[in-house]
Each structure stands twice: as C-alpha cells, then as structure tokens.
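Notes to accompany the following structure.
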Amino acid sequence: MSLHRLPFQKESGAQNMATDMWLLQKVDQWEGPIFRRYGWSAPQVTFGYGQKANWVEQETGINIKSLTRRPTGGGIVRHGDDLTYCLIAPKGSKGAEMAPMDFYAQVHRRWGDALSEQGIVNCLMPCPKKSANGIPGDCFSEPVGRDLMNEHGIKKLGGAAMKRTRQGVLLQGTLELSAWPDLDHPKIENRFVELIASDLEEDVIEKAWPTTLENERRELVGIYGSLSWNQDRKVIKMV
C-alpha cells in the first residue's frame, strides 16, 4: 500500500469536515493511508463532537450558526493561520492496528521532529498518572498526554482528535505556529509526511483530487453546515 497525499486547498468549515469524512468513508478504495494539509477560506472556530453547543457559544462569544462541530472529539480550536491536517489510516494498516494513543503520540513525535529541523525545540506532554474525566474545553488551553508542547512543556503547539469506524481511523490535527510567522508550512509538511510514511511502512504517492469529490461529498457538506448537526449532532440527510 501507499500513503496518498492530496493537494492543499482552502475551504469552509463545513467543506473541510465533509471532505475528511468523505475520505474516511472511501479510504478502502484508495489502498493505503491518506494525508492532506488544508486551510480555511475564512477564520473558523471548530469544536469537538461531544461538546455542548451552548457552552461553546458562551466560551467563544460566537453564535452556533458560525461555528463548526467536528466529527472527531477534542475541544475548541481556532483556525486561520494554523497548520491543519488530517491523516486517515485504513482498516488493516499499521496505523489503524496501533493502540490509539501510540498512534497519536507517533504523529506528534514526527511533527516535532519536522519542527526541530526548523530550529523549534519541542517535547511531548507526559501522560498523567490518572486519566482525566470529562469532555475537553479549549483545546490549546488544556493540553493532554502526548500533545506536542514547546521546549519547556508549557505552551501547546499541536493537538488532534480521532474517530474510528469500520473503514479505519481519522485523525484531525492542528499545529499552532503563530509565534513563527515565517515558517515554511509546505516544507514542514513534506518532512512530516516523509517521516510518518516510513513509520507506517508506506511509500508516498502524490494524488490529485478526484473529479467526483464535489458531487459525492455534497450531502456531507449539507450535514456539517446544518444547525441540527452543530447544535445537537443530529444528522438530517438531504432528500
């Protein structure tokens, strides 16, 4: 199998969530993991699958109509200048067979290696001796075990959330690198992909976006842009 890397593109919150889920649903047709780095057509705040919409509204001061609930867990994330990505490991692949937190840690370890080569010293957040209970709040204010941290382990640089289905594992992640505005994100991405592909024992294949993307993800865009999803996690399919 190969690790398929798709081109960078900027889209809305609903479109980005729909694309990640569409790729997860189709991953068995790709015969290997899928990676993409993506941007946002406008600044966007996303929040985790399990969070309460009214609390997120109060915490962010943003109306639910302008927020986007992710299909993965985790807390509030503010997007715009961050490095956002998704990595999908299909069922049966090395990534999907790893223990979830080992996979999570290895992804952050490899982003950390890529950043270290750019002079950004970092470390992984140690795992707590006792697991914390409850749903995360603000992602970058509440680091958890195996998150990517700065040199002194004080400021969070990277976090992610996962979703596991019959098709495989979707990891949606972000790196907050605003302290280094001149960083070359494509260069960091290239190094990360090279490293993680080696870990997963895959060759990197550059792939174009399928011409069927717009039609096939249309229903998902409608779901992730709907008030019913963002407010109550209700999926109302288009007729």
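What follows draws every value from the coordinates through simple rules; no lab data is involved. Predicted, not measured: the structure shown is a model, and the values here were computed from it. We place every Cβ from the backbone using ideal geometry, glycine too, and count neighbours over all the protein chains shown.
Here are some notes:
- Filter on K94/K155; K163/K237; K26/K234; K65/K187; K26/K237 - keep pairs with C-alpha separation over 24 Å: K94/K155; K65/K187
- Separation in nanometres of the label points that stand 7 Å from Cα toward Cβ, at D199 and D182: 2.9
- Projected label points at D102 and S12, each 7 Å from Cα along the beta carbon direction, are separated by 4.2 nanometres.
- Least to most buried among T84, T46 (fewest other Cβ within 10 Å first): T84, T46
- Principal semi-axes of the equivalent ellipsoid, √(5λ) from the alpha carbon gyration tensor of the chain, are 25, 23, 17 Å from largest down.
- Structural descriptor for the chain: relative contact order 28 percent, calculated from alpha carbon pairs under 8 angstrom and at least 6 residues apart.
- Gain in span if fully extended, R218 to T165, counting 0.36 nm per residue against the direct Cα distance: 17.0 nm
- The residues H185, H152, H79, when put in order of fewest to most other Cβ atoms within 10 Å, stand as H152, H185, H79.
- Tensor-based shape of the stretch 167-239 (alpha-carbon gyration tensor, a/c under 1.5 rounded, otherwise prolate or oblate): prolate
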